[in-house]
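To keep things clear, I will list the structure first and then write my remarks on it.
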Amino acid sequence: MALYSEKVMDHFRNPRNVGVIEDADGVGEVGNPVCGDIMKIYLKIADDTITDVKFETFGCGSAIASSSMATELIKGKPLSEALTLTNKAVTEALDGLPAHKLHCSVLAEEAIKKAVKDYYDKNGIAYDAGLFSEEEHCPHCAE
Ligand code: FES
């Protein structure tokens with residue numbers, strides 16, 4: 001069986017939503033504690049909805065594929081929905097990742113949350129701090 005699913009290979013070879021949004025409403029950058037790679041997410045937000053999203057990453061192929069899929073999953077969605085996106089949902093949408101690559105999919109989830117938090121902070125919007133707990137790392141990574 002191939003190590004990577006066809007969907008992973010597709011999103012790795014043709015990543016969706018790569019780039020920068022210069023006038024983003026929220027920006028989130030995270031580093032992966034496991035491998036040291038970095039992910040940055042840019043959001044445009046109107047009426048509590050993500051109208052555009054772009055990402056930049058120095059992560060590996062799995063990080064590129066999972067970020068591409070994650071951006072597709074949140075584009076056009078309400079912020080409340082984006083905040084419930086988990087790396088598990090992203091890896092399921094990609095038809096799975098090898099176990100030793102699951103930590104790569106956590107980058108997108110955490111960067112999206114951080115970008116939403118940045119938007120809330122910049123606009124003085126109240127939120128439940130528990131939504132953005134720093135504790136959330138990949139259950140497979142023991143970090
Ligand atoms: Fe670092 Fe995949 S090995 S993001």
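Worth pointing out:
- Pairs from LYS7/LYS77; LYS75/LYS113; LYS54/LYS114; LYS7/LYS40; LYS77/LYS101; LYS77/LYS113 whose Cα-Cα separation, in the structure shown, is over 18 Å: LYS7/LYS77; LYS7/LYS40; LYS77/LYS101
- The Kirkwood hydrodynamic radius of the chain, based on inverse pair distances between different Cα atoms, is 14.9 Å.
- Percentage relative contact order, the chain, counting C-alpha pairs under 8 Å, at least six apart: 28 percent
- Phi-based couplings in Hz for region 84-92 (Karplus 6.51, -1.76, 1.60; Gly and Pro marked x): 9, 5, 10, 5, 5, 5, 5, 5, 5
- Taking every DSSP bridge with both residues inside the chain, close to 95 percent are antiparallel.
- Averaged over residues, the count of other Cβ atoms within 10 Å places the peptides 53-66, 119-132, 12-25 in the sequence 53-66, 12-25, 119-132, highest first.
- Positive-end residue of SER67, LEU85, VAL30, charge dipole of region 22-143 with Cβ unit charges: SER67
- Inter-label distance, nm, simple model (7 Å from Cα along the C-beta direction), LEU131/MET9: 3.9 nm
- Taken as entire DSSP H runs, the helices of the chain never both span 15 Å or more between Cα atoms along their own long axis and average 1.6 or more on the Kyte-Doolittle scale.
- Database remark: amide H of ILE45 closer than 5 angstrom to the amide H of ASP25, THR51 (H placed geometrically; neighbours at sequence offset of 5 or more, or on other chains; Pro and chain starts carry no H).
- Only the Cβ atoms of Lys and Arg (+1) and of Asp and Glu (-1) were treated as charged; on that basis the dipole of region 1-64 about its Cα centre amounts to roughly 340 debye.
- Counting only Cβ charges, +1 for Lys and Arg and -1 for Asp and Glu, the dipole size of the chain around its Cα centre is about 360 debye.
Quick note: the coordinates plus some simple rules give every number you see, no bench work behind them. Note that this is a predicted model, so its numbers are computed, not measured. No Cβ is skipped: glycine too gets one built from the backbone with ideal geometry, and neighbour counts run over all protein chains shown.
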